[in-house]
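Worksheet for the structure shown next.
No lab work stands behind these numbers, since they all come straight from the coordinates. None of these values were measured; they are calculated from a predicted model. Heads up, the Cβs are rebuilt from the backbone with ideal geometry, glycines too, and the neighbour counts pull from every protein chain shown.
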């Protein structure tokens, strides 16, 4: 048997399910972009047919506009018991005008706690009934959702609070948004409109309000106050990928700031996943085989304008590491946002010269250096160095930070989603560019970081994407003296498959280079491919396979022995040799397990 090299995943493959799945979330929620009449008490239900269905109030022909229908009152009272077919989210409808005005005023007047508490109470109301009898979730308009998403990451309400009351605003906003996602769902909550960067790029400060008027013919009251619109996070970057690059820079340089970006990006990944999955369900509901709903997804909104050149920039964002080049391309979004305020809440008296002016990024003396920790500040300007000091810095590079290494799972998650989006769009050119550029960037990483990217048992990537990435990587390490896969198994190689015969003849018994770093990376990729084949019951014991594994482990270790030079004391090479030895031991242990399983199966057959 062989494992498919899945450069292209099937268009019906599901994206990763968010942590707060709708079935398990106890918190109800609200929102949808297309709204019913102001005083209409009818329920906006989860769409059950194609996006062109007519209901008695509205014809929905645009899949970007969440679908509306009306529950049958008789069905609403019926308890279907254990045979009930549950839709993934609660029915939903918009906030009544009066309530919407109240929440708008609360947000504009900076009464954020009151606004979130009110919206949360409305979201929870009626959500604990049996699914068939639940009240519709009430949903705020997209600009208020965007406002709350900005509170959840703004430095004033996360790492740089100026008052005690500000310290929990960001976490409260995030808790509400997750409840909204789990209850009303991404389509009814209209996250696609709320989290769109395009209106801000096209309309500047008018932002979302202008975009809604232009694209959906809906009235969406513009937000005022000192916070909006200049501090809405979606107005601070021209695209999601620019934002992502800065956030990942924080994982390398600003651990305190990264705490909040990590949570925020995790939520955004959940939204992208859930939005695509729900639209996929709508496309295929009732036996249909459409694609209009998915074409209106937030994920495709983020990638639809990418060409091969833009794909390279997106991959650079995925690998943002706090380097000077990365900081130039992905600078901070808010002024001095990575500064950490010590003793937040101990507000000092201010003079007239220190007045706040959020609209112009003037935070008064809130962020004066005497109230801020130096952690997370921008790196100092480089000073002139001698050739010797530069060489020393190159050889003794600091290891990746814990935060940078912890960010790998999110980086891979976004990479996996982009690959699925290109596959759905049948954009082979961009998909090939994506995998090629990603593999190229991957090879330049230090070994400890590289290990996290290629470890098959630690990632939640789609298996096809993972195998494609691993095969791209392993091909760069195969020595020219090794047989080409096409000469060993032409059908498998030309069809994009990997099997143990190719592994045994082309990869396992060989070493990559004379460096510990190259051989460690080669060993890690081989280990991951071996694990995948083993987990899928595609490994059978043979003395030839056993010999190939052990020969390769010994050869790679031998090629990586320290040389009699100053370079042999390089900390990176020492770390690589350690990882190489561990990976080789695991490969040999896997081979022992395969042999034991073969023996056990033989004993069972004999009985």
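Where in segment 457-471 is the amide nitrogen less than 18 Å from a point lying 7 Å along the Cα-to-Cβ axis of residue 482?
467-471
Using a 10 Å cut-off around each Cβ, can you sort 251, 291, 439 from fewest to most neighbouring Cβ atoms?
Result, fewest neighbours first: 291, 439, 251.
Step by step: find N for segment 482-566, compute 2.2 N^0.38 Å, then divide the Cα radius of gyration by it. What's the final number?
Compared with the compact-globule rule of thumb, segment 482-566 sits at 1.17.
Take peptides 459-465, 174-180 and line them up by average Cβ neighbours within 10 Å, highest first, as a rough protection proxy.
174-180, 459-465
Would you mind estimating how fast segment 447-606 diffuses translationally, via Stokes-Einstein at 25 °C and 0.890 mPa s with the Kirkwood radius over Cα pairs, in µm²/s?
151 µm²/s
Would you report the distance distribution of C-alpha pairs in segment 435-475 as whole percents per 5 angstrom bin, up to the bin with the largest distance?
5, 24, 36, 28, 7
Testing the spin-label approximation: label points 7 Å from Cα along Cα→Cβ at residue 563 and residue 133. State their distance in nm.
7.7 nm
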